[in-house]
Amino acid sequence: MKSIFKSAMVASVAVMGLSLAACDSAQENAAEDTGEQNAEMVNEQAEAMEDTGQITDAEADAMTDTAEDQADAMEEQAEAAAEGDAATDAATPPVE
């Protein structure tokens, strides 16, 4: 019985730790939201251009893929900046 209780406690602590590690900063969330909105707008424009015969399906897909790649890059840059800020904060001694 004790081992089951200990296992449940360890599992709960592990889940809590992982959920905290998965948290994005506000900067990361904003970059991700902006990138996704831009990608969605490009996708809608590409579909409209395809519907009117201005571009092919493959060209529309390429436009959407490029926009999604840019959104991913924006998120990665924000994540790297947030990690850099955290590393800088950890390395900076407190001011007394």
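Readers should treat all values here as calculations from the given coordinates under stated rules, not as data from a laboratory. What you see is a predicted model; the values in this text were computed from it and never measured. Cβ placement follows ideal geometry from the backbone for every residue including glycine, while neighbour counts extend to all protein chains displayed.
Summing charges over neighbours of ASP24, with a neighbour being any other residue whose Cβ is under 9 Å away from its Cβ, gives -4 when K and R count +1 and D and E count -1. Database remark: amide H of ILE55 closer than 5 angstrom to the amide H of GLU50 (H placed geometrically; neighbours at sequence offset of 5 or more, or on other chains; Pro and chain starts carry no H). Stretching ALA73 away from ALA30 to a fully extended chain increases their span by 14.2 nm, per 0.36 nm per residue minus the current alpha-carbon distance.
Largest first, the three principal axis extents of the alpha carbons in region 25-87 are 50, 15, 8 Å in whole numbers.
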